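Remarks on the structure that follows.
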């Protein structure tokens, strides 16, 4: 099953993608993981943009994605998280693969801001936590790899509102482009997972 998880930052799509990945036995592929795991040649191209502060061009992202989807663990399917980010990328994605189901994990803008304020992330493995609703066992330390947790400088109300505005503008057309299914992301993590699995069971 080839899945695409969508949602505003803080919606929990990354968390759910990891959980569903284990449940279905298919890889969870995030944009960050894609860029970090690219082959040496593509890595050089990527760094040529990132090191000078530019975004990675769509064509290069597509190359990296195509390389990743060609690996053996994607034969039975995959979960994409963080890509595509706009309608142009969605149409480019169609050129290299089909998507079976698009899951939108929906939360209110107000909830997204609150979650961002309390969000911390492991700088080493990328594991995410919320100091209010999903704290690590030991404050400031990742449960998974024991590395230090950090807070993004732009995880504040003003910056988050801007990111939400961009998300609505650029990603909502993707939801219309695909036949997406909306899941209430303001429930407990376990209930969101249950709803996603139930939706996929009905559709399969």
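What to note about this one:
- Scope the range 21-45; condition under 11 Å from residue 81 (Cβ atoms) and either in contact with a strand residue (DSSP E or B) (Cβ under 8 Å, 6 or more places away or on another chain) or free of Cβ contacts under 8 Å to residues at least 40 places away in the same chain (or both); matching residues: 21, 27, 28, 29, 30, 31
- Enumeration of residues in the range 50-95 that are closer than 20 Å to residue 18 by Cβ, under 17 Å from the mean Cα position of the chain (by Cα) and part of a loop (DSSP other than H, G, I, E, B): 77, 82, 83, 84, 85
- Taken together, the residues in the range 96-146 that are touching a residue at least 60 places away in the same chain (Cβ under 8 Å), crowded, with 17+ Cβ neighbours inside 10 Å, part of a loop (DSSP other than H, G, I, E, B) and touching a strand residue (DSSP E or B) at 6+ places or on another chain (Cβ under 7 Å) amount to 1.
- Residue in the range 29-44 that is surrounded by the most Cβ atoms within 10 Å (Cβ to Cβ), counting only those that are in contact with a helix residue (DSSP H, G or I) (Cβ under 6 Å, 6 or more places away or on another chain) and part of a helix (DSSP H, G or I): 34
- Scope the range 190-204; condition within 16 Å of residue 6 (Cα to Cα) and in contact with a strand residue (DSSP E or B) (Cβ under 7 Å, 6 or more places away or on another chain); matching residues: 192, 195, 196, 199, 200
- Subset tally (residues that are over 17 Å from the mean Cα position of the chain (by Cα) and assigned to a helix (DSSP H, G or I)) for the range 174-198: 8
- Test: residue 48 is within 21 Å of residue 5 (Cα to Cα) and without any contact (Cβ under 8 Å) to a residue 12 or more places away in the chain: no
- Matching residues, the range 172-182, being out of contact with any strand residue (DSSP E or B) (no Cβ under 6 Å at 6 or more places or on another chain) and surrounded by 12 or more Cβ atoms within 10 Å (Cβ to Cβ): 172, 173, 174, 177
- The listed residues are 18, 13, and the only one of them that is over 21 Å from residue 92 (Cβ atoms) and within 10 Å of the chain's Cα centre (by Cα) turns out to be 18.
- With respect to the stated conditions, residue 26 fails to be touching a helix residue (DSSP H, G or I) at 6+ places or on another chain (Cβ under 8 Å) and in a helix (DSSP H, G or I).
- Residues of the range 147-160 that turn out to be surrounded by 14 or more Cβ atoms within 10 Å (Cβ to Cβ), at pLDDT below 90 and either within 14 Å of residue 120 (Cβ to Cβ) or in contact with a strand residue (DSSP E or B) (Cβ under 7 Å, 6 or more places away or on another chain) (or both), as a count: 2
- Any hit, the range 5-20, residues being modelled with pLDDT of 90 or more, within 27 Å of residue 201 (Cα to Cα), touching a strand residue (DSSP E or B) at 6+ places or on another chain (Cβ under 8 Å) and surrounded by fewer than 20 Cβ atoms within 10 Å (Cβ to Cβ): yes
- Within the range 147-164, being outside any loop (DSSP other than H, G, I, E, B), farther than 15 Å from residue 128 by Cα and under 20 Å from the mean Cα position of the chain (by Cα) holds for 159, 160, 161, 162, 163, 164.
The values are calculated or read from the model by the stated rules, or taken from the named source; none is laboratory data. All values reported here derive from a predicted model rather than from experimental measurement. Cβ: placed from backbone, ideal geometry, glycine included. Neighbour counts: every protein chain shown.
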